[in-house]
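What follows is a single structure, written as structure tokens, with notes after it.
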Amino acid sequence: MGYPHQSHPREAVVLSKHFGDAEARTLAGWKARGGYQALEMALGMAAADIVTIVKDSGLRGRGGAGFPTGVKWSFMKPGDGKPHYLCCNADESEPGTFKDREIMRWTPHALVEGCAIGAYAIGAETAYIYIRGEFTEPLEWMNKAVKEAYDAGILGANAMGMGKRVDVHVHKGAGAYICGEETALMNSLEGRRGNPRIKPPFPAVAGLFGKPTTINNVETLVAAAHVLKNGAAWYKQWGRPDNPKSTGTKLFSVCGNIARPGNYEVPMGFPFKDFLWDLCGGPLPGRKIKAVIPGGSSVPIITAEEAEGALMDYEGFVAAGTMLGSGGVIVFDDAQNMVKQIARLARFYAHESCAQCSQCREGTAWTTKILERIRDGQGTMEDLDTLLSIGDSMTGNSSAS
Amino acid sequence: MSHGPSASGGALARAPHGHDDTPYQPVFVGDRRKDLDAILLKYPTKMAALLPALWIVQEARGWVSEPAMAEVAKALELTPAYVKGVVSFYTMYHQHPVGKYFVQVCTTTPCNVCGAEDVVNAFLQHTRCGELGATSPDGRFTVIEVECLGACGFATPVMINSDFLESVTPDSVPDILAELP
Amino acid sequence: MCLVEVEKAPKLAPACATSVMEGNVVHVHSPKARDARQGVLEMLLINHPLDCPICDQAGECELQDYTFQEGRADSRYQEPKRFNPVEDFGGDVLYVANRCILCTRCVRYMDTVADEAVLCVSERGDRAVISKFEGEDLTHAWAGNVVDLCPVGALLSKDFLNKARAWELDRAASVCPNCTQGCNSVLEVRDNTVVRMKPRSNDAVNQFYLCDPGRLDYRWLNRADRAEQPMVRSHGALAPVDWEAAIAQAASLLKGNAVHVLASPMLSNEALFLLGQLVKAQGGSGAFTVMTGPEAPLSGVPDLALRAERAANVRGAELLGFAKGGNPLAGLTTDKVLIVADHDVSHLDATALKAKAVIVIGTTLPTALSHADVVLPIANMAEEEGTFTNLRGRVQRYFQAKAAPGLARPAWFVLSDLVAAAGGAPARYAPGEVFGALAASHAHFAGMNWEGLGLSGALPAGGAA
């Protein structure tokens, strides 16, 4: 099914199959749709075998960085006597991105199942789902699903009656973009200001509560359940034959000046032009697409011409001079004042900077002031050089970037 | 409604910041104390219960006052200053009283290109708040611009207390306000 | 601010938070690293006021130093600067938010070292400021260290506010005289007046810290009502004489008499050693009392506290034969000569200060001792060189920071002359020589030598005692 529109025939509907289907939200409804079979399978397997399957599938992180999920899971060393944790990053704070929201609203049990599988696979007894505070409805559904799962014995000391302990807790954020960064999320979950940590140490060594931790995006964990249930080869059916590095399906959120905004699930490597025009209906009547940010507001913006030639996978967007990021496609049409909109985006980052690193704290505020001055017609040519140089100074020189 | 204090909202909204004449009534008594105890079981540290505890405070009182921060600090074995640092980091915790209905309109770029600023103006006009962050003369409304609500495909999303509205347009604002009790 | 280039690393590394690994090649001065640091400096400065001329930190400001080393010559920032009001953080600390670069050293120190998290970062982005909770001040006994930790002029000492420019100060390595911990310190002097005491690092004693009661208790080193010239009683009144006459008179009073010595636990080991020799040679006794107050530990540092006993050399006085506590006049009989060596007599019964003769070796001449027969004026600890022994037995040198008033001389110098005049060992005119004699004759100091004590001191051969 599709939401809020019907699925397009060219979509590859796996994760979004039950979007818009209210019955899929309940435990009974989820089980009727094949839910928790993957978890049952997982709990009967050796954890290492699950990691191997996920590795073989080529599944990569769907939150932004695109790190191979199975490889990340393999960093965890179960049995070292320490508590281990799984964090599910449901902060979805990147402007332009709203796919995890729909997963949690429509298929909350899919995430409970994904978390339980992930936790078991990495040797963690506890998983925390960190959901941004603004997601009141997803929070409600997730809390309900977790309670249902505990009441039914799917979670707890003897998960699914199979002798393994799996706890899943929902944690509500309170309004901070930066908590989508993995180490900031861990600090926030621990009851601290959401400042990113300096790495190393990486979370697999010292993460949540200082213990070995794996953190995965909502979409990644839900996809992993499908991978386990159907096998690595099944998952690899999607993708470009000439690019084995990007496999499976990907949810893209589309917003801005576009005829049919919403979430679309397409195979990796899907032509961006077809996506924008056929699936999303192209620009609004009488308008032309001017520019696109294809992976959430933090990735480079490209022109309509550059977008038309791009292929929608990790490597395809890099070839087009941008990134897949979190899959949040923001479309700007020819009615937009780009300086105004970029200034608005700069204001977002200035508002959200955690204040820990000076380059970001001061740089985001400074760029906002300059851009707003240019927007108001008070710019100079030197301002452009200054902007570029501030950008260089910020890039790579702070904890989060 | 997680943010809205019920009938006392208007009075709270007019109380000066942190200096109420009435003695402070603790939040964590009775069921709320039990809720906090249940939350503490989920984490290996008391500190981790800080965000949930602050949510309980805000649900009970509509905002997080300094005496409330001190109460939370005591309950979780933290210092009040530490709690203040955390409260002020997260924009959803109110450090000042707000109107009975706290209206947050997303105006970040994806919504901005779809006309979110007009939605903000419609709310400011129809609530008679006048300016962003101010509470309306009747104490019912506070309107702010909020950064990305994570529903960019449903521009313009608006949160009124914990109710999440999608695809709000300037024209739909009067009806939305009229339906509020 | 400390970004460096590490070969094969994807991005520049903050040196302060990066562990060195086998095979690392680090470039501190590569163009990439320099550019990045210049970029950081520019960011730190865009909202930082150019008020160095009226800032107490100027001259000892890390931001000023770094900017001088590798900052831009001019500013590209055209927008208005951020403004926040000055706030009194309580204790001795003032917060000038506009100068703050949000390094959060103060917040982290109060949390992890002082274990009293009264400071926090409030708000975020460029609205962030250091803040505290209303009603909870920086009153922790060790809170003043945040002023030293602050790399800029954001946290200032109210005591030192607008008192002196950093470059006008003369500095001498010293040891805080205000309790038995023996924290290493620096005495800062302007126009022969001590204006500030700051910690000097010593990992074995006080790491980088000094407590507030310690650092703020320096004014007594500047007191004006000093004994400035040697005096002897003549025709019923004290009259100024030269040093030779005063020493000769004191020696003649001692001749054939036993003594009772009231020795201040603020005196150096060297002075106490010579006083001890005098007691031994003449026969008699020596005692002292010490002021006490509540102990205040700094929980993040092992074995560091403002100690209950509020004098620097209690241990030394005990080791060198002086009895602590009780009635310090217990050994005094009227057939003895009473020597008061800068010991506080304000708490003693003045009528009990009676003896065959009274010799005052002091920085002051208290009223209770106005019946003295000889007054030998001495330097205070800021005006001489010497050593103290801390509560763990560590022997530490302190250096002269200012000149003694009038004709006052270091106590060890005066006592060296007196011991010689009374028929003892020949006088020694260098503190190192006195210490050498002490080391040769006393087990606790055995094997130590003046030069070897260096700036961090030494424990006795057997280790801490």
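Any residue that is within 11 Å of chain B (Cβ to nearest Cβ), part of a loop (DSSP other than H, G, I, E, B) and crowded, with 19+ Cβ neighbours inside 10 Å - is there at least one of those in region A:158-174?
yes
What residue, of B:Lys34, B:Lys84, is more than 30 Å from C:Thr112 (Cβ to Cβ) and either part of a helix (DSSP H, G or I) or open to solvent by less than 60 Å² (accessible area, probe 1.4 Å) (or both)?
Every option except B:Lys34 fails the conditions.
Name every residue in region A:120-157 that is within 12 Å of chain B (Cβ to nearest Cβ) and part of a loop (DSSP other than H, G, I, E, B), in order of residue number.
A:Glu125, A:Arg132, A:Gly133, A:Glu134, A:Phe135
Name the one entry in A:Ala307, A:Ala320 that is crowded, with 17+ Cβ neighbours inside 10 Å and closer than 19 Å to A:Thr247 by Cα.
Only one candidate passes the filter, namely A:Ala320.
Can you tell me which residues in region C:89-100 are open to solvent by 30 Å² or more (accessible area, probe 1.4 Å) and closer than 24 Å to A:Cys360 by Cβ?
Answer for region C:89-100, where residues must be open to solvent by 30 Å² or more (accessible area, probe 1.4 Å) and closer than 24 Å to A:Cys360 by Cβ: just C:Asn98.
I'd like to verify a number: residues in region B:39-62 that are under 16 Å from C:Ser122 (Cβ atoms) and outside any helix (DSSP H, G or I), how many?
The qualifying residues number 0.
Can you report the number of residues in region C:355-399 which are surrounded by 24 or more Cβ atoms within 10 Å (Cβ to Cβ) and among the aromatic types (Phe, Trp, Tyr)?
Of the residues in that region, 2 qualify.
Between B:Ala48, B:Ala53, B:Ala60, which is over 16 Å from the mean Cα position of the chain (by Cα), at pLDDT 95 or above and away from chain C (no Cβ under 14 Å)?
B:Ala48
Name every residue in region C:94-132 that is away from chain B (no Cβ under 14 Å), assigned to a strand (DSSP E or B) and within 19 Å of C:Tyr209 (Cα to Cα), in order of residue number.
Scanning region C:94-132 gives a single hit, C:Leu94.
Does C:Arg196 count as open to solvent by 10 Å² or more (accessible area, probe 1.4 Å) and free of Cβ contacts under 8 Å to residues at least 60 places away in the same chain?
Considered against the rule, which asks whether it is open to solvent by 10 Å² or more (accessible area, probe 1.4 Å) and free of Cβ contacts under 8 Å to residues at least 60 places away in the same chain, C:Arg196 comes out as yes.
Rundown of residues vs (1) open to solvent by 20 Å² or more (accessible area, probe 1.4 Å); (2) assigned to a loop (DSSP other than H, G, I, E, B), yes/no style:
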| residue | (1), (2) |
| --- | --- |
| B:Phe102 | no, no |
| B:Val119 | no, no |
| B:Glu131 | yes, yes |
| B:Thr142 | no, no |
| B:Glu145 | yes, no |
| B:Gly150 | no, yes |
| B:Thr156 | no, yes |
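Okay, residues lined up against (1) more than 19 Å from A:Lys229 (Cα to Cα); (2) outside any helix (DSSP H, G or I):
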| site | (1), (2) |
| --- | --- |
| A:Ala12 | no, yes |
| A:Ser16 | no, yes |
| A:Phe19 | yes, yes |
| A:Glu23 | yes, no |
| A:Pro95 | yes, yes |
| A:Arg101 | yes, no |
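Run down C:Val129, C:Val107, C:Val121 and say which single residue is in contact (Cβ under 8 Å) with a residue 12 or more places away in the chain and under 22 Å from C:Lys198 (Cα atoms).
C:Val107
Could you go through region C:377-389 and let me know if any residue there is more than 17 Å from the chain's Cα centre (by Cα), modelled with pLDDT of 95 or more and part of a loop (DSSP other than H, G, I, E, B).
No.
Can you tell me which residue within region C:142-156, out of those that are of a type outside the set (A, V, I, L, M) and in a helix (DSSP H, G or I), is nearest to C:Cys100 (Cα to Cα)?
That would be C:Asp148.
Taking the residues in region A:1-22 that are within 14 Å of chain B (Cβ to nearest Cβ) and either of a type in the set (Val, Ile, Thr) or buried (at least 20 other Cβ atoms within 10 Å of the Cβ) (or both) as candidates, determine which candidate is farthest from the chain's Cα centre (by Cα).
Top of the filtered list is A:Phe19.
Within region A:102-114, does at least one residue satisfy the condition of being among the small types (Gly, Ala, Ser) and over 30 Å from A:Arg347 (Cβ atoms)?
yes
Among the residues that make up region C:29-43, is at least one of them in contact with a Phe, Trp or Tyr (Cβ under 8 Å, 6 or more places away or on another chain), of a type in the set (A, V, I, L, M, F, W, C) and either within 11 Å of chain A (Cβ to nearest Cβ) or farther than 25 Å from C:Arg127 by Cβ (or both)?
Within region C:29-43 (the criterion being in contact with a Phe, Trp or Tyr (Cβ under 8 Å, 6 or more places away or on another chain), of a type in the set (A, V, I, L, M, F, W, C) and either within 11 Å of chain A (Cβ to nearest Cβ) or farther than 25 Å from C:Arg127 by Cβ (or both)), the answer is yes, since at least one residue qualifies.
Restricting attention to region C:1-50, report how many residues are under 30 Å from C:Val86 (Cβ atoms) and either of a type in the set (S, T, N, Q) or part of a loop (DSSP other than H, G, I, E, B) (or both).
Number of matching residues: 7.
Select from region A:348-401 the residues that are in contact (Cβ under 8 Å) with a residue 24 or more places away in the chain and over 30 Å from C:Arg105 (Cβ atoms) and write down the one among them that is nearest to the other protein chains (Cβ to nearest Cβ).
Applying the filter and picking the extreme gives A:Glu372.
Only one residue in C:Ala422, C:Ala427, C:Ala401 is at pLDDT 95 or above and either within 19 Å of C:Leu275 (Cα to Cα) or among the hydroxyl-bearing types (Ser, Thr, Tyr) (or both). Which one?
Among C:Ala422, C:Ala427, C:Ala401, only C:Ala422 is at pLDDT 95 or above and either within 19 Å of C:Leu275 (Cα to Cα) or among the hydroxyl-bearing types (Ser, Thr, Tyr) (or both).
Find the helices (runs of 4 or more DSSP H) located wholly in region A:247-363 whose residues include 3 or more that are closer than 30 Å to A:Arg193 by Cα and touching a helix residue (DSSP H, G or I) at 6+ places or on another chain (Cβ under 9 Å), and list them.
In region A:247-363, the matching helices (runs of 4 or more DSSP H) lie at A:338-352.
Look through region A:193-215, keep the residues that are open to solvent by less than 70 Å² (accessible area, probe 1.4 Å), hydrophobic (A, V, I, L, M, F, W, C) and over 11 Å from A:Lys82 (Cβ atoms), and return whichever of them is modelled with the lowest pLDDT.
That would be A:Ala204.
Among residues belonging to region A:127-157 that are open to solvent by 60 Å² or more (accessible area, probe 1.4 Å) and either in contact with a Leu (Cβ under 6 Å, 6 or more places away or on another chain) or acidic (Asp, Glu) (or both), point out the one that is nearest to B:Phe164 (Cα to Cα).
A:Glu140
Filter region B:150-181 down to residues that are without any contact (Cβ under 8 Å) to a residue 24 or more places away in the chain and hydroxyl-bearing (Ser, Thr, Tyr), then give me how many there are.
2
If we scan region A:230-251, do we find a residue that is buried (at least 21 other Cβ atoms within 10 Å of the Cβ), within 14 Å of chain B (Cβ to nearest Cβ) and either charged (D, E, K, R) or in contact (Cβ under 8 Å) with a residue 24 or more places away in the chain (or both)?
The answer is yes; a qualifying residue exists.
Quick one: A:Ala335 ticks every box in (1) of a type in the set (Gly, Ala, Ser); (2) under 23 Å from the mean Cα position of the chain (by Cα); (3) more than 9 Å from chain C (Cβ to nearest Cβ) bar one, so which box is it?
(2)
Of everything in region C:337-354, what is modelled with pLDDT of 95 or more and open to solvent by less than 30 Å² (accessible area, probe 1.4 Å)? Give them in sequence order.
C:Val337, C:Leu338, C:Ile339, C:Val340, C:Ala341, C:His343, C:Val345
The values are calculated or read from the model by the stated rules, or taken from the named source; none is laboratory data. A quick note: this is a predicted structure, and the numbers were derived from the prediction, not measured. Reconstructed Cβ throughout: ideal geometry from the backbone, glycine too, with neighbour counts over all protein chains shown. Accessible surface areas use protein heavy atoms only, side chains included; no ligands, DNA or RNA. Shrake-Rupley method; radii C 1.70, N 1.55, O 1.52, S 1.80 Å.
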